[in-house]
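Data block below; observations after.
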Amino acid sequence: MLRFLADENFNNQIVRGVLRRNSNVDIVRVQDVGLTQADDPTVLEWAAQNRRVVLTHDVATMTNFAYERL
């Protein structure tokens, strides 16, 4: 099963809607795991260590940091 991490800028209404449709989806927010205001590389590192897919609306900077990690 996929596990998700919703970035700080990700729309919480989407998170709530997904969980309302299927409460078994494994999704946490950066705020839930102590990463509030963490920089993008830190968020990506935490997601990688915890085997989670990052959900974000930040295509301006997050994408570049993700490519750098690859």
R0 of 35 Å, Cβ-Cβ distance T61-M1: FRET efficiency to nearest 0.05: 0.75
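Using a cut-off of 15 Å between beta-carbons, work out the net charge of the residues near Y67 (Lys and Arg +1, Asp and Glu -1, Y67 not included).
-3
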Quick one: helix 12-21 against the long Cα principal axis of the chain, what's the angle to the nearest 10°, folded into 0 to 90? 40
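For every helix of n ≥ 4 consecutive DSSP H residues, a contribution of -39,500 (n - 2.57) applies; sum these over the chain, divide by its total residues, and give [θ] at 222 nm rounded to the nearest 500 deg cm²/dmol.
-11500 deg cm²/dmol
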Degrees separating the helix 40-49 axis from the principal Cα axis of the chain, which is the longest one: 60
Unit charges on C-beta of K, R, D, E only; dipole of the chain, Debye: 460
In nanometres, what is the gap between the two model label sites at T36 and N24, each 7 Å from Cα along Cα-to-Cβ? 3.3
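Every number here is computed from the coordinates shown, using simple stated rules; none is lab data. This is a predicted model, so every value here is computed, not measured. In this analysis, Cβ positions are derived from the backbone assuming ideal geometry, glycine residues included, and neighbour counts consider all displayed protein chains.
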